[in-house]
Amino acid sequence: MTIACLVLGMAGSGKTTLVQRLASHLSSKDECTYLVNLDPAVTQVPYEPNVDIRDTLNYKDVQVEFQLGPNGAILTALNLFATRIDQLVELLESREEQVDTFVVDTPGQVEVFTWSSSGSIIAESIASSFPTVLLYVVDTPRATKPLTFVSNMIYACSIMYRMQLPLVVVWNKKDLVSTEFAQRWLSDFDTFDEAMQQLEGDYSSNLARSMALAMEEFYRVVSCCSISAVTGEGMDELWSGIQTAANEFATFR
Ligand code: GTP
């Protein structure tokens, strides 16, 4: 079964590094990956994309032609790309026999992809041909702050429900910080509450508490993996998490 992984996450969370790591990890297992870069604004990628949005769209030209700021230009480039999504899907389908996994890198600013029609169109079009899994990459050192932790989880939850696709939360950068706190905060509200005590009285801490309680069902069902995209630690666990999520794909449709 050929599956597709859409790699999403906040700016700097490690999406591009993960795409590279996943490709090299799977290649060491004789699995063939096919890499798609959908970030028109990236200057360099550390992998060789098989399909690159930059080959057909010049982000700087889009910015000048439509008189846009940086984010508007990325969004417009993505919209223009989405108008030809059938060509990408046909190309992927033509590679299905040789490829085990399609890995799609998305723009740095997560909302450009997740809250735009073009992001939905691209995700939906790929998912209509292949079991598709969302990898939501978290910058774990940043998420040690309870408010950032909750923000990330709300984001991941809303993306999962908006896209209606299975999602794996990838706690990245475990070489810099232990990810155990995340497991504790997800499974035991009291430990999260203790961390919040330091912000006692703060309006946002009360809101974060309520949010964390409301998110309990998501916390219970979401699959998580801890990795370091730089060292490769945790990649076997992530790969089996992706396969399990791909097997659950049908239940999301
Ligand atoms: P944008 O697309 O620009 O938003 O970034 P991104 O999400 O693709 O992140 P990228 O892969 O460019 O990584 C951002 C920074 O984090 C780089 O300096 C990476 O080297 C670093 N980084 C990514 N993954 C890891 C990791 O597992 N450990 C460490 N220590 N650094 C990492």
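None of the figures in this text is laboratory data; all of them are computed from the coordinates on show. Just so it is clear, the structure is predicted and the values come from calculations on it, not from any experiment. Note: ideal-geometry Cβ built from the backbone for every residue, glycine included; neighbour counts use all protein chains shown.
Ordering L92, L135, L176 by the number of other Cβ atoms within 10 Å of each residue's own Cβ, fewest first, gives L176, L92, L135. Taking trypsin sites (Lys or Arg not before Pro) across the stretch 1-87, the ones in a DSSP loop with at most 16 further Cβ atoms lying within 10 angstrom of their Cβ are K29, R84. Counted over all Cα-Cα pairs of the chain, pairs farther apart than 34 Å make up 17 percent. Here the residues S118, S94, S13, S223, ranked from fewest to most Cβ neighbours within 10 Å of their Cβ, fall in the order S94, S223, S118, S13. Of all lysines in the structure, the ones whose alpha carbon falls short of 28 Å from that of K145, not counting any fewer than 8 places away in one chain, are K15, K173, K174.
Simple point charges give the picture: +1 on the Cβ of Lys and Arg, -1 on the Cβ of Asp and Glu, and for the chain a dipole about the Cα centre of about 380 debye.
Of D52, D190, the sequence from fewest to most neighbouring Cβ atoms within 10 angstrom is D190, D52.
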